[in-house]
1. Rank by packing, highest mean first: peptides 161-174, 32-45, 180-193, with packing defined as the count of other Cβ atoms within 10 Å averaged across residues.
2. Considering only C-alpha atoms, what is the centroid distance from segment 180-235 to segment 116-155, in Å?
3. Antiparallel as a % of all DSSP beta bridges within the chain, to the nearest 5?
4. Report, in degrees rounded to the nearest 10, the 0 to 90 angle that the Cα long axis of helix 134-149 makes with the longest principal axis of the chain.
5. Just need log10 I(q)/I(0) for segment 16-60 at q = 0.16, 0.24 Å⁻¹, Debye formula, equal scatterers on the alpha-carbon atoms, no solvent, rounded to two decimals.
6. Using helices alone, I'd like the mean residue ellipticity at 222 nm for the chain: each DSSP H run of four-plus residues gives -39500 (n - 2.57), total over residue count, nearest 500.
7. Calculate how steeply helix 14-23 sits against the longest principal axis of the alpha-carbon atoms of the chain, using the helix alpha-carbon long axis, and give the answer as 0 to 90 degrees to the nearest 10.
8. About the Cα centre of the chain, what is the dipole size in debye to 20, counting +1 per Lys and Arg Cβ and -1 per Asp and Glu Cβ, all else neutral?
Amino acid sequence: MRILLSNDDGYNAPGLIALAQALRQIAEVIVVAPERNRSGASNSLTLDRPLRVNRMEEGVYAVDGTPADCVNLALTGAVDARPDLVLSGINAGENLGEDVLYSGTVAAAMEGALLGLPAIAISQVAHVEPVDYRNAVNVALELVRGCAREPLVPGTLLNVNVPQSGQSPQPQLTRLGRRHRDTVAVRQEDPRRRPVFWLGPIGSPGADAGPGTDFHAVGEGYASITPIHTDLTAYSQLEDIGTWLRVAARGAE
Ligand code: MN
């Protein structure tokens, strides 16, 4: 099996290196990843300048772009990847609930799925430094072995979060939960006494974190596996919004 490995923490991040080393025992691995940490880059593509793909060592390429750039370039001819599976990670830290909308880790996998391959994003839930990636490595290996036995359907996208507690977390199929809203922006002053702002820390889990959610699974020590897709249509609202449109249009007559 040939695996394209990317991430958003950078090509030399410990989580990617740990996963690449383990995967090379069972598969052919091509790494195409950002040259520096691009966490939070989401699905952004670089369209205002050319990109450089630098070969760092055999089978390892660093790109001066986003995670989505890396996977797009790897699958459109910049390197000879031709993978059977796209993996992204292991991210240093969780990507749960609405995190998937901001995550570069998920975006790298999503780019692979959008381009017609099965793809898996894998994150190590971590509350202490340095991050211990062993649980996430083991879960990733199990999933890759599973793909070798029974390939995932092209376009499948799995978001995987592995807790640090316990020896070998068992997989649990989940849906995305939700966090409470962000805390407030942090106001500071620059040396010239002008205000500058930091976005506040991400919201804590809890708005929707009951049984069945990804938050709940990792909290209980399971490896959360959430199949996700890119169709953001709110099907449950189609009828209500149709009614609203008719009522709202009547007011304009
Ligand atoms: Mn990251």
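Every read-out reported here was derived from the displayed coordinates using simple, explicitly stated rules and does not represent laboratory data. Everything quoted here is computed from the prediction, not taken from an experiment. Here Cβ is always computed from backbone atoms with ideal geometry, including for glycine, and neighbour counts include all displayed protein chains.
1. With the highest mean Cβ count within 10 Å placed first, the list reads 32-45, 161-174, 180-193.
2. Segment 180-235 and segment 116-155 have Cα centres separated by 22 Å.
3. 35 percent
4. Long axis of 134-149 versus the principal axis of the chain: about 80 degrees.
5. After summing over all Cα pairs, the log10 values are -0.59, -1.02.
6. It lands at -7500 deg cm²/dmol.
7. That works out to roughly 50 degrees.
8. Values: 21 positive and 29 negative charges, 68 e Å.
So the magnitude is around 320 debye.
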